[in-house]
1. Report those helices (runs of 4 or more DSSP H) wholly inside segment 170-240 carrying at least 2 residues which are at pLDDT 90 or above.
2. Given the conditions (1) more than 24 Å from A53 (Cα to Cα); (2) in contact with a helix residue (DSSP H, G or I) (Cβ under 6 Å, 6 or more places away or on another chain); (3) among the aliphatic types (A, V, I, L, M), and given that I97 satisfies all but one, which numbered condition is not satisfied?
3. Starting from segment 509-528, keep only residues that are over 15 Å from A558 (Cβ atoms), then list their pairs with residues that are hydroxyl-bearing (S, T, Y) whose Cβ atoms are within a distance under 6 Å, requiring at least 6 positions of separation or different chains.
4. What residue, among those in segment 116-142 that are under 54 Å from the mean Cα position of the chain (by Cα) and closer than 15 Å to W59 by Cα, is modelled with the lowest pLDDT?
5. Here is a list of conditions, (1) at pLDDT 85 or above; (2) under 40 Å from the mean Cα position of the chain (by Cα); (3) polar (S, T, N, Q), and T281 meets all of them except one; can you say which number that is?
6. Kindly indicate whether E503 is acidic (D, E) and at pLDDT 90 or above.
7. Six or more apart or on different chains, Cβ under 6 Å: which pairs go from a residue in segment 350-370 that's under 15 Å from Y388 (Cα atoms) to one that's at pLDDT below 90 and in a helix (DSSP H, G or I)? Could you list them?
Amino acid sequence: MEDESIAKGQLIKELDEMKKKIAKLEVSEDMHKWAEAKLQREGYEKDILLNNAPVMIYWLDGEGKFIIVNKCFADLFNKSTDDIKGKYLYDLYSEKISDKIYADNVKIIESETAKYGIEESLETPNGMIWVRSDKMPYKDADGKVIGVIGVLFDIADQKERDKDIKESEEKFRVIAERSFDIIIVADEKGVCSYISPSIERVLGYKPEEIVNKHFQILFPENMNKKVERIGNNLIQGKEIEGVNLEIIKKDRGKAIVEVNGSSIIKDEKIVGIQIHLRNITERKLEEKIIEKEKNKLQKYIDVAGMILKIIDRDGKVSLINNRGCEVLGYAKEEILEKNWIDNFVPKRLQDKMNDILEKLRSKQTIFYEHFESPILTINGEEKIISWYNTALKDEKGEFQGILSSGEDVTTKSKVERELQENYQKLQQIMEDTVYTMAKVVEKKDPYSAGHQKKVSQLATAIAKEMKLPKDKIEGLKVASLVHDIGKIGMPIEILSKSSGLTELGHDLMTEHPMTGYNILKEIDFPWPVAEIVLQHHEKVNGSGYPDGLKGDEILIEAKILCVADVIEAMSSYRAYRPSHSIKEALKELTKNKGILYDSMVVDACKTLFKYKGTKFNFLQ
């Protein structure tokens, strides 16, 4: 307690000095103003400062004992300030860390000199952390140094940033060394301070042969004005993009480079420039060859009877034949070098076409080889073109453009559209007829009202679960809606009988699939509707009717219809019995799986009710 009293008295005298130290705590300006105002009060001000400072603060005596610590420091060890007061360094830290801190403190006390910016790692209950420490000697009333004040700043985030910067620098170094492009860094006068090693691979020079010289020596004299203009623009803060220049190799040969560059800015001042040189000699040679071949090709394609065009990687038209001009209504010179998408594609489709072009540039796998799309003619009319497309690539596999051949199918598309509309009308008439037929059966058999519709919904769901082809699903849907059409020929007394069927009634009932078949076979359905209806009471073991078919002799649609029919019939009320639960109906399917009912159909049906049962609440 005596030590603590001395420390408190000493602290009050050192408040003025603490004002200066607070500025180094890196707190906000508002915190400084608040702290300075409070420091004018003695005693109370010290506690406020300690417990609200956003950094860790401690007082150690000469023996390494903690006299006072703030809350931020105590929190580091999951303790209260009172828990730490009176403890020694080795009570908190390992022996190695304690010895190091103690040795530092001895030097500070003996030299009476503060040490700032000490980076060190500390062991805490939550693991090792990095801190920056400022350590200052403090004196008693007689001016004798009796301990050390420590202020700790958590620098974990800074360490992480430093690590990221170091990794980024390393990545840049590797890229610069391995790249075939030349990277030059020069001062504001154009004198090179760095040349990437790739210069030797591209031009034959070693980097040290160019460093400390003006980058202009790489270019022939007839390029002096252009190179000087590039340097001036960069120093003025302007960027250089895609400028093609001739450059000199060490063996006095020449190459063509694409020049890109920008200024280097530090503290809002331009202090240098960076230049990026890409060797495009081969590309330029290829462009000349392509241009020559293109002119030759143009003579041949102009006599073609279909549209032929080439657009480059940016979408500009580099070639189009006479037929293309004829369909569009423009002269050839009005089309060449124009952006195809911006000028000849309807606005509603431009984003889609630009997306296709972008995906081709980025080497994504997409469907683009054949499609139909409209183009805009000179008078604003849209014509439908059937395109066949081929991507043009260089020897490195890089996308360069698209060669397209197109046929005007505007008239053909109009006819097909009309046929499709007529087909849809006929389809609707057929569906209306089927629903009418289903209603006729339900009118005669009131106890099965809605039965066929429910069976159709369930059968369609099972077919989809089994991933049957779309046309089979559509045929099953229609057959399900009229699967009991044969009951139209049965006496009403049998259909509405409130007790079990007699032998005669049963025999009559087994005839309804054949009756239904005879009715439906006269209708020219695009699916085997009549056959599905005929077989919907057949069983996989051959015990069904009317023909005792078994296994693969039964259409898969009929097998599905059979299961859906059983589920709906069992779960519905009849005059001669109450309804069963879905659980009981599924139990019947499981019991006779592979015997009466197809195994795959039963499994698909059970899956539906297990995961999607709520969708079939019409069966409840």
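1. Passing ranges, in order: 207-210, 224-235.
2. (2)
3. T510/Y545
4. The selected residue is S133.
5. (1)
6. no
7. Listed by first residue and then by second, the contacts come to I366/K359; Y368/I356.
A quick yes/no check of all residues on (1) among the hydrophobic types (A, V, I, L, M, F, W, C); (2) assigned to a strand (DSSP E or B); (3) without any contact (Cβ under 8 Å) to a residue 24 or more places away in the chain:
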site: K79; (1), (2), (3): no, no, yes
site: I101; (1), (2), (3): yes, no, no
site: T113; (1), (2), (3): no, no, no
site: G117; (1), (2), (3): no, yes, yes
site: E120; (1), (2), (3): no, yes, yes
site: E123; (1), (2), (3): no, yes, no
site: W130; (1), (2), (3): yes, yes, no
site: M136; (1), (2), (3): yes, yes, no
site: D142; (1), (2), (3): no, no, yes
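The values are calculated or read from the model by the stated rules, or taken from the named source; none is laboratory data. Note that the coordinates shown come from a computational prediction; the quantities given were computed from them, not determined experimentally. Note: ideal-geometry Cβ built from the backbone for every residue, glycine included; neighbour counts use all protein chains shown.
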